[in-house]
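Trainee: Before I ask anything, let me first share the structure, which is written out below as structure tokens.
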Amino acid sequence: MLGEVLGEVLGEVIDEVIDEVLGEVIDEVIDMAVVPGELNFRRMVDIHCHILPETDDGAKTLDESVAMCRAAAEEGIVTIVATPHMFNGVHPPPSRATILEKIEQVKVASGNCVEIVPGGEVRYSYEIFQEAEDPQGRIRLNGTSYMLLEFPFQSVPPNIEMTIFQILNAGITPVIAHPERNKQIQEKPKIIADLVDRGAFAQLDSGSLTKSFGPEAYVTAKRIVEAGLAHFMATDAHHQDRRRPVLSAAAAIAADWGGVEYARAMVEENPAALLKDRPIPWQLECDHDALLGKKRKRSWFFFWK
Ligand SMILES: [Fe+2]
């Protein structure tokens, strides 16, 4: 009897030591394996970018749009979805014709160094339903069934779960823009798990991973990645010199947190499928412990098998 108890206690101690020691070694191996700048992501698609000139608070001039295109192309971004603000109460929403006209201007001026397709960043508002059948299709990303949906930064709209249901019923699949920057989701990350569970997707801003939006956005982005709930990462670029159209540094960080293939899905595979109006191929089951910031218990048997 005493032997059994001793064996059990000793077994637990040995397990903890193995977890602790091997966990640190594994972390170091992963850190060494992923070097920022060395990931070979050359087919990236940026589904959130304020690249159109004189449209919202993004590019101010055509020259700035061209500079952003060139910076994106150098990064390995091959396609940009132009997503001017829609219904945010500050900038008048551009018509579909205006968006297409400005895209053409930027393409010509930049020598077609990157593909640009139409879209919008749609603020949560009643206009979503007014525009759901809109032949302009300006609330949809590249004319697909996907829509980039932005919440206010301080809160999540009340009854959002019902609204997501109604949006899906209208034939639109919402992609939640930068949930990690929303104060209420920072305080209660389970909100994003519930929305994903109901059929929405999540898009992180690359600047959140590179600490451009403060520690809360960084920590929440890390938890969303580790929980398996990050479906897209986009630049949300506004300018050439700050909030630039860059993804690779953040993709390297995402790879460090969740693996290279997961990071590739966020910047290449999932957005490519979105643009073709196909189902999103890379979807993971939510790891609720990781979402709450609890350190995941590693099993070295699992790691090596
Ligand atoms: Fe944006």
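Every number here is computed from the coordinates shown, using simple stated rules; none is lab data. As the structure is a prediction and not an experimental result, all values here were calculated from the model. All Cβ positions, glycine included, derive from the backbone under ideal geometry; neighbour counts span all protein chains shown.
Trainee: Using θ = phi - 60° and the Karplus relation 6.51 cos²θ - 1.76 cosθ + 1.60, list the HN-Hα couplings for the stretch 180-194 in order, rounded to whole Hz, with x at every Gly or Pro.
Mentor: 5, 9, 8, 4, 5, 6, 4, 7, 9, x, 4, 4, 6, 4, 5
Trainee: Just flag the GluC sites (Glu not before Pro) in the stretch 54-145 sitting in loop per DSSP whose Cβ has no more than 12 other Cβ atoms within 10 Å.
Mentor: On the way: sites: E54, E64, E74, E75, E101, E104, E115, E121, E127, E131, E133; in loops: E54, E133.
Answer in residue order: E133.
Trainee: For the pairs K222/K276; K60/K190; K60/K188; K102/K188, note any where the Cα-Cα span goes beyond 31 Å. Don't skip to the end; give the middle numbers.
Mentor: Working: K222/K276 28 Å; K60/K190 37 Å; K60/K188 36 Å; K102/K188 39 Å.
From K222/K276; K60/K190; K60/K188; K102/K188, over 31 Å: K60/K190; K60/K188; K102/K188.
Trainee: Would you work out if the stretch 44-291 is rounded, prolate or oblate? Take a ≥ b ≥ c from the square roots of the eigenvalues of the alpha-carbon gyration tensor; rounded if a/c is under 1.5, else prolate when a/b is larger than b/c, oblate otherwise. Each step should come with its number before you reach the end.
Mentor: Numbers: a/c = 1.59, a/b = 1.18, b/c = 1.34.
The shape class here is oblate.
Trainee: Starting from the 7 Å offset along Cα-to-Cβ, what nm value, one decimal, do you get for the label separation of Q130 and D63?
Mentor: Those two pseudo-labels are separated by 3.8 nm.
Trainee: Continuing with this model, one more query. Report, in whole Å, the centroid distance computed from the Cα atoms of the stretch 235-278 and the stretch 130-161.
Mentor: So the two Cα centres are separated by 21 Å.
Trainee: Related question: How much FRET efficiency would the formula 1/(1 + (r/R0)^6) give for N40 and A109, where r is the Cβ-Cβ distance and R0 is 30 Å, rounded to 0.05? Before the final figure, lay out the partial values.
Mentor: Working: r = 29 Å, r/R0 = 0.98.
Result of the calculation: an efficiency of 0.55.
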